[in-house]
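Notes follow once the structure below has been shown.
Here, each number is a calculation from the coordinates, and none is a lab measurement. Every value quoted in this text rests on a predicted model; they were computed, and no experiment measured them. Backbone-built Cβ (ideal geometry, glycine too); neighbour counts: all protein chains shown.
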Amino acid sequence: MATLVFLEDHEGELVKGSLGVLTKAAQLGGDVAADVAGSGVRELAAQAGRFGAARVYAADDPALAAPLPQPRVDVLAGLVRDKGFDTVLFGASVLSADVAAGLAARLGAGLNWDLVDLELRDGALVGKRPALQDSVVAEVTWKGEPRIALVRSGTFEPAETGGDAEVEDVPVALEDFSTKAVMVERAHAESEGPSIEDADVIVAGGRGLGEPDKFALLEELAGALGGAVAATRAVVDAGWYPYSAQVGQTGKTVAPKLYVACGISGAIQHKVGMQGAGTIVAINKDPNAPIFEYADVGVVGNLHEIVPKLTALVKERG
Ligand SMILES: Cc1cc2nc3c(=O)[nH]c(=O)nc-3n(C[C@H](O)[C@H](O)[C@H](O)COP(=O)(O)OP(=O)(O)OC[C@H]3O[C@@H](n4cnc5c(N)ncnc54)[C@H](O)[C@@H]3O)c2cc1C
């Protein structure tokens, strides 16, 4: 297998999700290479060696400064054609999903998306893809090459193996149509602490908070635990918290070590985004709330009383 992993970068760092996919690719074996594409990214390229890439192709060009998909499709399509990769892997993100889809269209290749595992069976790559609201897992393969896969975010943890990568510069030649889209503005939400994708601890709130201002209770607990705040779709739709914090089927998939769900009923569409958490603690005043069916620790009670006490206890322990 000759695998190319697309590494995404953000604010001068390689994105954790794509490094996790690189780690998995290295575990599967064969020739494993990575690609970084952006402006000023050459410095980052060598870091990929620590996560299992033997070679990293660096497409470093001001034309790739904006996180737009088509120029990256040009780079990857060129690499697949010139170097003969039979497999291209992506960790899911807004950008990667667009690049993977664009690459599949450009090469006439098959793309399996939302995978939660990859394995080699008798030499053939097999992907696992949850279906029917994650109640079953379907096994998927590819009919031809290159095989393109988009892995669900938070699926694989990056692991350093300590290797060295050879960095090869890639000349950037863009198709005319790939430069038609330009980025007009890039807005950036101000936030403190880790993002919900990276946090080891997530404190999540739902409609049980009663009103938007009560998210302050969760922010304080998350701050004390060094974690991030997430939300259900019900409260995001109501405008209580930003969409970027939504966990679930139509939001993000997260896999923190600890997930504290406050005033969340535990609908299946929420569950699919957080069931990979190490320990799930639920605080809900309704003892029959569905979330208690899959929480590791359940607290039946009023979150407005419990959460401030919990925060005080965490602060006390320092
Ligand atoms: C196609 C589709 C996609 C969806 N995608 C998502 C998604 O990505 N993410 C998502 O979250 N949802 C999603 N939903 C919505 C989902 O079905 C639920 O409606 C939603 O998750 C419910 O949010 P909630 O738990 O905040 O609210 P509710 O279901 O209203 O639950 C509120 C809970 O708070 C408890 N409560 C009330 N007061 C207190 C208190 N004082 N102390 C403690 N507990 C209290 C109640 O007992 C209740 O269990 C989707 C739905 C559809 C149809």
How high is the relative contact order of the chain, in percent, counting Cα pairs under 8 Å that sit 6 or more residues apart?
-> 15 percent
Length gained, E192-E139, 0.36 nm per residue minus C-alpha separation, equals 15.1 nm
Output ³J(HN,Hα) for the range 104-120: one whole-Hz value per residue in order, computed from phi by the Karplus curve 6.51 cos²θ - 1.76 cosθ + 1.60 with θ = phi - 60°, and x for Gly and Pro.
-> 4, 5, 5, 9, x, 9, x, 10, 9, 10, 6, 6, 10, 6, 9, 8, 9
Which FRET efficiency value, to the nearest 0.05, is calculated for I268 and V94 with the Förster distance at 25 angstrom and r the Cβ-Cβ distance?
-> 0.55
Taking R0 as 41 Å and r as the Cβ-Cβ distance between A173 and A238, the FRET efficiency 1/(1 + (r/R0)^6), rounded to the nearest 0.05, comes to 0.30
Enumerate the amide H contacts of A230 below 5 Å, restricted to partners 5 or more residues apart or on another chain; note that Pro and chain-start residues carry no placed amide H.
-> V203, A204, G205
Take the alpha carbon atoms of the range 241-318, find their center, do the same for the range 62-90, and report the distance between the two centers in whole angstrom.
-> 39 Å
The range 7-49-the range 102-147 distance, computed between alpha-carbon centres (Å) = 20 Å
For W113, W240, what's the fewest-to-most ordering of other Cβ within 10 Å of each Cβ?
-> W113, W240
Which ³J(HN,Hα) values, rounded to whole Hz and listed in residue order, are derived for the range 227-243 from phi using the Karplus coefficients 6.51, -1.76 and 1.60 in 6.51 cos²θ - 1.76 cosθ + 1.60 with θ = phi - 60°, glycine and proline given as x?
-> x, 10, 9, 10, 8, 8, 5, 4, 7, 5, 4, 7, x, 7, 8, x, 4
So between R317 and E185, what do we pick up on full extension, going 0.36 nm a residue minus the alpha carbon distance?
-> 43.1 nm
May I ask you to sort D122, D35, D164, D198 by Cβ crowding, counting other Cβ atoms within 10 Å and putting the fewest first?
-> D122, D164, D198, D35
Integer Hz, Karplus 6.51/-1.76/1.60 couplings in order for the range 60-72, x for Gly and Pro | 10, 7, x, 5, 9, 4, 6, x, 9, x, 4, x, 6
Under a 5 Å amide H to amide H cut-off, with H placed in plane at 1.01 Å, what residues pair with G110 once short-range neighbours are removed?
-> G144, I148
Longest segment of the chain lacking GluC sites (Glu not before Pro) that sit in a DSSP loop with at most 11 other Cβ atoms within 10 Å = 12-184
Treat the count of other C-beta atoms within 10 Å as a stand-in for reagent exposure and order D176, D169 from fewest to most.
-> D176, D169
Once amide H atoms are built 1.01 Å from N in the peptide plane, which residues 5 or more positions from V299, or in another chain, come under 5 Å H to H?
-> A282, I283, N284
